[in-house]
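What follows is a short report on a single structure.
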Amino acid sequence: MSLLRIKTLLVASFSFLALAISNPLLANEKAVSLDSNTAAHDTASQLAGAETHSATTAHEAKAFNVTETILEHIKDDHSWHLWGHTSVALPVILKTSKGFEVFSSANLVDEHHEPIVFKGNFNYKLVEGKLKIVNEIGAVDEEANKQLIDISITKNVASLFISVFIILFIFLNAAAAYKKTGVTSAPKGLQSFMEPIVLFVRDDLAIPNIGKKKYAKFMPFLLTVFFLILTNNFLGLIPFFPGGANVSGNIAFTMMLAVCVFVVVNLSANKNYWQHIFWMPGMHWSMKLFLAPIELIGVFTKPISLMIRLFANITAGHILVLSLICIIFIFKTVFASAIAVPFAVFIGMIECLVAFLQAYIFTMLTAMYIGMANEEHHHEHADAAHH
């Protein structure tokens, strides 16, 4: 329940209506409290009311946990919450020792969105957001889980499909317009939106780092990386459908991008690149032996740094905004929203800038690594001039 209230306040904070929403909520709480006191006619009803009140208070205190609420928002899920108690059930696809199994994620939760055991080929249950095989008493079956492979369409995967659809729609429409009007006329519609960005990636990222001779064959990869990160970053800032998924803040997503960069860089690398790694020219052989393992480690640390940088920056932004909104629920007063909401809006505006900067930095470093791997050998020219 706390996550639902958090999402409601996130939407409200971007429209500056949090104060108007908070006041009726507090008024309703006071009215309920007055009605409960008036209805207490005798000792038995007072005791019952006290027990109900303390049970409700305990449930609310237990339900709202800052750490749990924030982690619940930024982690992946097998369903996609829309509004209130409405969620979209996503398909669960499992590979176990008994073969493949497909069912709806609605079978994993009850009407209160609490995890329950679903009986399929095995007993399945959501444990801390992860799907696990459990035994008859509900304990995790470690032996059975060793053969469990979860390839479900989760919230992040569904959001990734949406972002890919958006990118394809924009690019295909822009390409169709170019085919129709050519490149000589002024761009219109999506053309006018896409052309400056594509030229920015080409003129400021690809050509300076890769060179005019070789940049063209890497442009499709650089544009794909840039727009994929940018689209998912902006979708993650929208607190309602089709946004709200933390795709760029998922380490699996950033790892796959880093793996793609690693493959492209090293497969396109020339002889000069590998020579500088394993046998640095112009150095004494003893220094070459010392530098070779260090340079080899650098081949792997470069994509790892790309992975961690994108993951950490996007996740930190989500945590900061959610922490500010949580202040309202911690202090349980309307005055806290007067401080938390403006700061949350301010940080949200900075996050819009960060969303673009992270796409820019990732693409720029990728182009730089590609350029280093394809750099021409200059020592032969220098030796020829010397002789």
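On inspection, residue 244 passes the criterion of being assigned to a loop (DSSP other than H, G, I, E, B) and in contact (Cβ under 8 Å) with a residue 12 or more places away in the chain.
For residue 356, the criteria (1) touching a residue at least 24 places away in the same chain (Cβ under 8 Å); (2) surrounded by 19 or more Cβ atoms within 10 Å (Cβ to Cβ); (3) within 20 Å of the chain's Cα centre (by Cα) hold in every case but one, which is (2). With respect to residue 254, is the statement that it is of a type in the set (Ser, Thr, Tyr), buried (at least 18 other Cβ atoms within 10 Å of the Cβ), assigned by TED's automatic domain parsing to the domain that holds residue 312 and outside any loop (DSSP other than H, G, I, E, B) true? Answer is yes for this residue. If you check 372, 349 for being aliphatic (A, V, I, L, M), under 22 Å from residue 243 (Cα atoms), at pLDDT 85 or above and in a helix (DSSP H, G or I), only one passes: 349. From the list 248, 185, the one residue that fits, being out of contact with any Leu (no Cβ under 8 Å at 6 or more places or on another chain), at pLDDT below 90 and assigned by TED's automatic domain parsing to the domain that holds residue 367, is 185. Kindly indicate whether any position in region 136-143 is more than 27 Å from residue 69 (Cβ to Cβ) and of a type in the set (A, V, I, L, M, F, W, C). There is at least one residue in region 136-143 that is more than 27 Å from residue 69 (Cβ to Cβ) and of a type in the set (A, V, I, L, M, F, W, C). All of (1) modelled with pLDDT of 85 or more; (2) in a loop (DSSP other than H, G, I, E, B); (3) out of contact with any Pro (no Cβ under 8 Å at 6 or more places or on another chain) hold for residue 153 with one exception: (3).
To keep it simple, each residue is scored yes or no on (1) surrounded by fewer than 16 Cβ atoms within 10 Å (Cβ to Cβ); (2) more than 30 Å from residue 194 (Cβ to Cβ).
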{"residue": "100", "(1), (2)": "yes, yes"}
{"residue": "122", "(1), (2)": "no, yes"}
{"residue": "126", "(1), (2)": "no, yes"}
{"residue": "131", "(1), (2)": "no, yes"}
{"residue": "143", "(1), (2)": "yes, yes"}
{"residue": "146", "(1), (2)": "yes, yes"}
{"residue": "158", "(1), (2)": "no, no"}
{"residue": "176", "(1), (2)": "yes, no"}
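Scanning region 261-302 for residues that are surrounded by 14 or more Cβ atoms within 10 Å (Cβ to Cβ), small (Gly, Ala, Ser) and outside any helix (DSSP H, G or I) yields a single hit, 269.
Table: residues versus (1) surrounded by fewer than 17 Cβ atoms within 10 Å (Cβ to Cβ); (2) in contact (Cβ under 8 Å) with a residue 60 or more places away in the chain.
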position: 304; (1), (2): yes, no
position: 336; (1), (2): no, no
position: 341; (1), (2): no, yes
position: 352; (1), (2): yes, yes
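The values are calculated or read from the model by the stated rules, or taken from the named source; none is laboratory data. Since the model is a prediction, treat every value here as computed from it, not as a measurement. Positions of Cβ are generated from backbone atoms using ideal geometry, with glycine treated the same way; all protein chains shown enter the neighbour counts.
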